[in-house]
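Q: Below is the structure I would like to discuss, written out as structure tokens.
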Amino acid sequence: MKLLDYNDLLEKESSIICLNEAFLVKKLRELEAIGASRDKLYWLTLARVTELAILCAGNYADNCEFRAAGDLLVNPRLTIVHTRRYKEGIIKRRHLKLTEQFGNLGGTREEIVELVKREAVIEIEEDPLLPDLYKQMQDSGFLAQNYLNSVNSRMKQIADVITFLLSYNVFSGVDLYNKLKSANQSEREFIESKLCKFNKKIFIELGNDIRRLAINSSFVSNFLERI
């Protein structure tokens, strides 16, 4: 599969209802497999995957799916716990506290906490997807700083939406629906102004630039650093 074919397929498969972490990781792995040459086309394509991840996380946050949004934003995909009690590292269960996972060691909760503090060495094998994608783009030297700033700003916006909704005692989509339903127009507009409401505009623009660059290697994309 070539990068242009990959991008065509990405557009066909990237309906909002299909977007989730598993899909995004799958598309990232496919891109890594075909993008042996880390050139401009590769990094613009990686930026498209990033745009889908941002859209997905923002949609999760707007719909009060906080754990799913947090998985993309802050929760490492793979964490290994090393202790003297076990010869090999143990995979941390992603949504379980260490004290709960190691509760079978016995003792009170306080004793388990002290045991984990004293013996456990945490090794993050795979970062959360969005920070991972951002770091790859930042380290590449190919992506324009303005674009990187935009990605960073929207990642922060997702975190801010989660913080805002929780502080507003909104813990689920039902809570948000009821809050909006009972609010007056001013309060409703205020709440909605705090949501992400991301769209595919940048994703589409990146795709257009990829096609132009594939035809004309001298094409200058605003998403790329002037090298």
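Any read-out appearing in this document is the output of simple, stated calculations on the displayed coordinates, not a laboratory observation. Predicted model only: the values in this text are computed from it and were never measured. Cβ sites come from the backbone with ideal geometry, for glycine too, and all protein chains shown count toward neighbours.
Q: Explain nothing, just the number: relative contact order of the chain, from Cα pairs under 8 Å at least 6 residues apart, as a whole percent.
A: Result for the chain is 28 percent.
Q: May I ask you to evaluate 6.51 cos²θ - 1.76 cosθ + 1.60, the Karplus curve with θ = phi - 60°, for each residue of region 67-83 and list the ³J(HN,Hα) values in order in whole Hz, giving x for glycine and proline?
A: Each residue of region 67-83 in turn: 5, 5, 5, x, 4, 6, 9, 9, 8, x, 6, 8, 10, 10, 10, 10, 9 Hz.
Q: Can you sort Cys18, Cys64 so the residue with the fewest Cβ neighbours within 10 Å comes first?
A: Lowest to highest Cβ neighbour count: Cys18, Cys64.
Q: For a label point 7 Å from the Cα of Asn178 along Cα→C-beta, name the residues of region 53-73 whose backbone N is under 13 Å from it.
A: none
Q: Just to confirm the filter: which chymotrypsin sites (Phe, Trp or Tyr not before Pro) across region 59-99 are DSSP coil and have at most 14 other Cβ within 10 angstrom of their Cβ?
A: Those satisfying the criteria are Tyr86.
Q: How many percent of all Cα-Cα pairs in the chain sit more than 21 Å apart?
A: Here the long-distance tail beyond 21 Å is 63 percent of all Cα pairs in the chain.
Q: So if I take the centroid of the Cα atoms in region 187-227 and the same for region 91-127, what is the distance between those two points in Å?
A: Result: 41 Å between the Cα centres.
Q: Go ahead and run the numbers for FRET between Asp5 and Arg226, Cβ-Cβ distance against an R0 of 30 Å, rounding to 0.05.
A: 0.60
Q: Take Arg94, project a point 7 Å from its Cα along the Cβ direction, then tell me which residues of region 125-143 have their backbone nitrogen under 18 Å from it.
A: 125-134
Q: Could you tell me which of the pairs Lys40/Lys200; Lys27/Lys194; Lys40/Lys135; Lys135/Lys197 are separated by over 19 angstrom between their Cα atoms in the structure shown?
A: Pairs exceeding the cut-off: Lys40/Lys200; Lys27/Lys194; Lys135/Lys197.
Q: Now, a different point. Tell me the GluC sites (Glu not before Pro) within region 70-145 that lie in a loop according to DSSP and have at most 13 other beta-carbon atoms within 10 Å.
A: Within region 70-145, the qualifying GluC sites (Glu not before Pro) (loop, at most 13 other Cβ atoms within 10 Å) are Glu88.
Q: Only Lys, Arg, Asp and Glu count, each charged at its Cβ (+1, +1, -1, -1), so figure out the dipole size of region 1-145 about its Cα centre, rounded to 20 debye.
A: 380
Q: Then there is this: Working out 0.36 nm times the residue gap between Arg118 and Ser150, then minus their Cα-Cα distance, what length gain in nm do you get to one decimal?
A: Here the segment from Arg118 to Ser150 would lengthen by 7.5 nm.
Q: Okay, moving on. Under a GNM of the chain (C-alpha, springs under 10 Å), which listed residue has the highest mean-square fluctuation: Asn199, Asn216, Asn152?
A: Asn216
Q: Could you give me D for region 78-126, from Stokes-Einstein at 4 °C and 1.567 mPa s, where the hydrodynamic radius is the Kirkwood radius over C-alpha pairs? Units µm² s⁻¹, please.
A: In µm²/s, the coefficient is 118.
Q: So, one more: Based on DSSP, what percent of beta bridges with both residues in the chain are antiparallel, to the nearest 5?
A: 100
Q: Still on this model: Which residues among region 129-143 fall inside the zone where the amide N is under 19 Å from a point 7 Å beyond the Cα of Lys26, along Cα→Cβ?
A: Zone members listed by number: 129-130.
Q: How do Thr99, Thr45 rank when sorted from fewest to most other Cβ atoms within 10 Å of their own Cβ?
A: So the ranking, lowest neighbour count to highest, is Thr99, Thr45.
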